[in-house]
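Since every read-out is calculated from the coordinates, none of them should be taken as a lab result. Being a predicted model, the structure only gives us computed values, none of them experimental. Positions of Cβ are backbone-derived with ideal geometry, glycine not excepted, and every protein chain shown enters the neighbour counts.
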Amino acid sequence: MNYTHWKQLLAGRSLPLAWVDLDALEANAQTLLAQGGNLPIRIATKSIRSRAILEHILSLSPRFQGLMCYTAAEALWLAERGFDDLLVAYPTADAAAVRGLCTQVQAGKRLWLMVDSVAHLGFLSVLAEDAGVVLPLCLDLDMSSTFPGLHFGVQRSPVRTPEAAVALAEATRNYPSLRLDALMGYEAQIAGVGDAAPGETLKNKVIQTLQRRSFAQVSQRRQKTVQALQAAGFELSLINGGGTGSLSRTTTEPGLTELTAGSGFYAPTLFDRYQHLQLQPAAGFALAAVRKPAPAIYTCLGGGYIASGSTGPEKLPQPWLPPGQLMGLEGAGEVQTPVQFAVDPVLELGDPILFRHAKAGELCEHFTHLHLVRDGEMGELVPTYRGEGQSFL
Ligand SMILES: Cc1ncc(COP(=O)(O)O)c(C=O)c1O
């Protein structure tokens, strides 16, 4: 769809608004399925943050199975609304939410809470024991690599070796209210780091080399950990790895039972930077142009939706249609965002300027609803988590 088409679609609507192009999202879903080989793909909810969109993705293929939740409270909220097969991917200290999840386990839901330390076991076991349930656990294996002078990966789990994993798994045996039956290893430095950033040829080459070496190393670590846990008598019903940016690589590893993907459905700008991944922009927002301070510059109302993580220009939203650029000294502002165009697109007061967010799910924290576009027509309006009164992180 070109700008003229979008302008017609948005005519008469209050801006700002957020949109999801379902045709693009479904094309991205097919790309992710193809990249994932034959494995099931768990949906990372943090990168979607709308129940309606989660349901839609799950309906697209039987290979989209289960949700990777980002908080215990979110998993509980989803479980209460009919979702099942919920992996809470990060440790929690939220006792009320865990109590709620214990009730869900009692009611027969499949779910797992994430652990990487004895402290997590102590906290969860007391709550599970009180509730009279055996709580299923997933062990988070660190998948970072250490190269001379460089920690290549995230700082999350301290469990770095098969031996450490077995030691923690053995410790779960001291708690009758806990049962370890899943393993997750997320290779963030491969799945979440683009290797084809524009204009950064040398850096891209370095990243590609580091990622190749890192994957060989951490994939061995994950396989050996699975083998060691199985040899110690732990039957793992779920072995999860990967993310949008690593599906084609992670799926080659023997032993994994599933992959994860979330960002690839909306395809925000950070996912334009992957050599082997061609996705279509499927979500974004439209701001109203409200003033013209100089020739070929229009200033929009709002727009300062900066992505989280280490800061840099790549975390700013990008003007998409008409194609333009943010201005270096202002960026995307809380209330005013100027956009500079190479050729004046001749906009009138209130005309939309379309933007894409750098990351996927964070867009939904700024909007109560998503306007769904299908076959070039404006369709249904569906709520985001925020639109349902929820804001988990
Ligand atoms: C544990 C875990 N798995 C998988 C992912 C991949 O998610 P996405 O596909 O949205 O990048 C993430 C993202 O941060 C994650 O934290």
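Summary table
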read-out	value
Over the chain: helical MRE at 222 nm, DSSP H runs n ≥ 4 each giving -39500 (n - 2.57), nearest 500	-9500 deg cm²/dmol
Calculated FRET value between ASN174 and ALA27, using beta carbons and R₀ = 45 Å, to 0.05	0.35
Computed over the range 22-267, the ratio Rg/Rh where both radii use C-alpha atoms and Rh is Kirkwood	0.97
Low-density loop positions, trypsin sites (Lys or Arg not before Pro), the range 120-175 - DSSP coil, at most 13 other Cβ in 10 Å	ARG173
GLN325 versus ASN2: modelled label distance in nm, points set 7 Å from Cα along the beta carbon direction	2.4
Range in the chain, longest, excluding exposed GluC sites (Glu not before Pro) [loop by DSSP; at most 10 other beta-carbon atoms within 10 Å]	1-234
Residue list for the range 347-377, given a label point 7 angstrom along the Cα-to-Cβ vector of ALA296 and an amide N cut-off under 16 Å	347
Cα centroid of the range 157-224 to Cα centroid of the range 236-261, whole Å	11
Residue-span extension gain [HIS151 to GLN220] - 0.36 nm each, minus C-alpha spacing	23.0 nm
Close Lys-Lys pairs in the chain, where close means Cα under 25 Å and separation is 8 or more or interchain	10
